[in-house]
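What follows is a short report on a single structure.
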Amino acid sequence: MSQYALDERVMVSPRYMAGAGDRIADVLAPLVRLFGWQHRQDAATGRIEVDSPDGSLFVDFAPMQRYGMWCTVSHHEPYWQAAFSRQAPLEAVAAVTQALPQLLGDARHAERIPLTDQSLGQLAALHDWTVQDTVITSPDWNCQLIRTPEDAEDITWRVHHAFFEHEPLATVTRDVPDRLVGNFFTYLASTAPVERAVADVPIHTRYGHSDLMTPVRPASINPHTDHALAQINRAMRRR
């Protein structure tokens, strides 16, 4: 059994094992509040649509949808789309949506919302992921970025997870800017923990051995520091 109650909050790493989490507002609120993008919400379904001022970029978010892709980012002329499933960490999804204004030349808040200029290979090396041909694999082999030959189909990148075999965490079509893919990967692969309610953590993570969970509770040190120390202790025990 898990040592944590379902309503307890924990720090989880690696991020691709943590599930989506509950920080839904981070995905869309900055676009509306900081950049003035238009939005519409369907009260019956909870679906939210956000449009860029020039009408070229659209974000469609269906937070009440239980299966399939619940967030899509679409661009017209040229057409491209990035789609994210319910298991994709919202921190990684927000890293994509919050950077969209910069693609349109709106550099406001760029210092707070970084857009990576590193290649996927550089980012993989930074986070100890393995690059082999067209596949980038996490250290524990549970998560992979797989590139599809461009002449085979429109989707050029799929992010797969060993415990969600029937549905990728994300799909990216041709012409999606490399920097957006890099932003998603940066926040997906980061070893920094993310906060979750235990009930929101996938079952395989709660009872697995390749992830690390530490409690968020009043302590003399910051929960992130507490988690980092636990990461170091576990690494030392495995030597």
(message) Can you tell me which condition Met11 does not meet? The list is (1) closer than 30 Å to Trp141 by Cβ; (2) open to solvent by 20 Å² or more (accessible area, probe 1.4 Å); (3) touching a Lys or Arg at 6+ places or on another chain (Cβ under 9 Å), and all the others hold.
(response) (2)
(request) Report, by residue number, each residue of region 64-87 that is modelled with pLDDT under 95 and open to solvent by less than 30 Å² (accessible area, probe 1.4 Å). (result) Gly68, Trp70, Ser85
(message) Please go through region 26-50 and give me each residue that is modelled with pLDDT of 90 or more and within 18 Å of Phe84 (Cα to Cα), ordered by number.
(response) Asp26, Val27, Leu28, Ala29, Leu31, Arg47, Ile48, Glu49, Val50
(request) Taking Ser52 as meeting all but one of (1) open to solvent by less than 10 Å² (accessible area, probe 1.4 Å); (2) within 19 Å of the chain's Cα centre (by Cα), write down the number of the exception. (result) (2)
(request) Return yes when Arg158 is surrounded by 14 or more Cβ atoms within 10 Å (Cβ to Cβ) and without any contact (Cβ under 8 Å) to a residue 40 or more places away in the chain and no when it is not. (result) yes
(request) Take the residues in region 104-163 that are among the hydrophobic types (A, V, I, L, M, F, W, C), assigned to a strand (DSSP E or B) and touching a Leu at 6+ places or on another chain (Cβ under 9 Å), then tell me which one is farthest from Leu28 (Cα to Cα). (result) Val131
(message) If a residue must be within 25 Å of Pro202 (Cβ to Cβ) and open to solvent by 40 Å² or more (accessible area, probe 1.4 Å), how many such residues does region 161-176 contain?
(response) 6
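Return the residue satisfying two criteria in turn: it lies in region 177-200 and is assigned to a loop (DSSP other than H, G, I, E, B) and surrounded by fewer than 21 Cβ atoms within 10 Å (Cβ to Cβ), and of such residues it is farthest from the chain's Cα centre (by Cα).
Checking each candidate, the answer is Pro177.
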(request) Show the residue pairs that are 6+ apart or on different chains and have beta-carbon atoms under 9 Å apart, the first residue being within region 110-125 and without any contact (Cβ under 8 Å) to a residue 24 or more places away in the chain and under 14 Å from Leu100 (Cβ atoms), the second being in a loop (DSSP other than H, G, I, E, B) and open to solvent by 80 Å² or more (accessible area, probe 1.4 Å). (result) none
(request) Only one of these is in contact with a strand residue (DSSP E or B) (Cβ under 7 Å, 6 or more places away or on another chain), within 14 Å of Arg179 (Cβ to Cβ) and surrounded by 15 or more Cβ atoms within 10 Å (Cβ to Cβ): Leu115, Leu120. Name it. (result) Leu120
(request) Would you mind listing the strands (runs of 3 or more DSSP E) fully within region 1-85 where at least 3 residues are in contact (Cβ under 8 Å) with a residue 24 or more places away in the chain? (result) 9-13, 57-61, 69-75, 80-85
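The values are calculated or read from the model by the stated rules, or taken from the named source; none is laboratory data. Quantities reported herein were computed from a predicted structural model and do not represent experimental measurements. A quick note on method: Cβ atoms are made from the backbone with ideal geometry, for glycine too, and the neighbour counts reach across all protein chains shown. Calculation scope for accessible area: heavy atoms of the full protein, side chains included, ligands and nucleic acids excluded. Shrake-Rupley method; radii C 1.70, N 1.55, O 1.52, S 1.80 Å.
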